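Before any comments, here is the structure.
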Amino acid sequence: MADRIDRVMVITAHPDDSEFGAGGTVAKLVKEGREVGYCIVTNGNKGSSDRAMTPERLVTIRAEEQRNAARVLGVERVSFLGYPDGEVEDTRDLRRDVSREIRRFRPDLVICQNPNRTYNLGASHRDHRTVGGVVLDCVYPLARDHLAFPELLPDFEPHKVREVYVMQWNEPHVVNDISDVIDLKVKALACHASQFKDFAAVEARVRQRNKELGAARGYAYAETFDRIVIA
Ligand SMILES: [Zn+2]
């Protein structure tokens, strides 16, 4: 990663995605003095197997859990776009909203989800793929070009992102050593209590996965990404 990276924005589909995919990396970036902000596209209102839970109550709970998790990692700014969970489509509205958030926060580095279907976690979640693709389209060219979404001017001036990290486990470009912050990542994940019946099992899976991702480099734990440098 270039030294000129001062501001980092993590844009994901659901509350908890940032912690699962990049919690250790976020903790490290904050420790290095970089300012990190989150943008969460959906409100997570389908993420419950509790038949007594209402979607409305779940939205409130998951927003609070996400703010707490962010705080554990040192992320102060969390914005929620409030799209319905499981129903994200690649629409002009979503592209405008994500472009607006990029123009507002003005990150040098954006971290996002994989736009491609993989079989690493089941068959991958459609919201993850859709949001990953939309974020890449907003980084280039929509947030950068003043003629895209003229209604965002003059409040949200165009912004050029320098780099993107795409969450990616298969032959990744970047293997980020998170050994010294794995406990913080687990602590942040635990904030999403509504999502876990058995957190010990989740923690074991996450540690195992991050261990496997670091093994080839001799790291105890790692998170991995593809890296795009925007010319
Ligand atoms: Zn998710």
For segment 68-145, which chymotrypsin sites (Phe, Trp or Tyr not before Pro) pass both filters: DSSP loop (anything but H, G, I, E, B) and at most 11 other C-beta atoms within 10 Å? TYR119
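Tell me which trypsin sites (Lys or Arg not before Pro) from segment 5-78 have a DSSP coil assignment and no more than 15 other beta carbons within 10 Å of their own. Working shown, then result.
Values: sites: ARG7, LYS28, LYS31, ARG34, LYS46, ARG51, ARG57, ARG62, ARG67, ARG71, ARG77; in loops: ARG34, LYS46, ARG51.
Hits after loop and neighbour filter: LYS46, ARG51.
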Scoring segment 76-205 by relative contact order with C-alpha pairs under 8 Å, at least six apart, yields a percentage of 27
By the C-alpha gyration tensor axes a ≥ b ≥ c (rounded if a/c is under 1.5, else prolate when a/b exceeds b/c, else oblate), the shape of segment 39-106 is oblate
Note to self, the chain gives a 222 nm [θ] from helices alone (DSSP H runs n ≥ 4, -39500 (n - 2.57) apiece, / all residues, nearest 500) of -12000 deg cm²/dmol
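Mind checking the dipole of the chain: about its Cα centre, +1 per Lys or Arg Cβ, -1 per Asp or Glu Cβ, Debye to the nearest 20? Walk me through the intermediate numbers first.
Numbers: 34 positive and 36 negative charges, 41 e Å.
That gives the chain a dipole magnitude of about 200 debye.
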Starting from the Cα coordinates of segment 149-214, work out the convex hull volume and express it per residue in Å³. 183
Treating only the Cα positions of segment 4-146 as identical point scatterers, give the base-10 log of I(q)/I(0) from the Debye formula at each q in 0.14 Å⁻¹. -0.63
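If a/c stays under 1.5 just call it rounded; otherwise compare a/b with b/c (prolate if a/b is bigger, oblate if not). Do that for segment 89-129, with a ≥ b ≥ c from the square roots of the Cα gyration tensor eigenvalues.
Taking the square roots of the gyration eigenvalues as a ≥ b ≥ c, segment 89-129 is oblate.
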Multiply the residue separation of GLU151 and ARG51 by 0.36 nm, subtract the distance between their alpha-carbon atoms, and state the gained length in nm to one decimal. 31.8 nm
Restricting to lysines 8 or more places apart or on different chains, can you count the pairs in segment 141-213 with Cα atoms under 20 Å from each other? 4
Would you be so kind as to identify which of ALA193, GLY37, THR25 lies farthest towards the positive end of the dipole of the chain, taking Lys and Arg as +1 and Asp and Glu as -1 on Cβ and the Cα centre as origin? THR25
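Here, each number is a calculation from the coordinates, and none is a lab measurement. Please read all numbers here as calculations on a predicted model, not as lab measurements. Note that we place each Cβ from the backbone using ideal geometry, even for glycine, and neighbour counts take in every protein chain shown.
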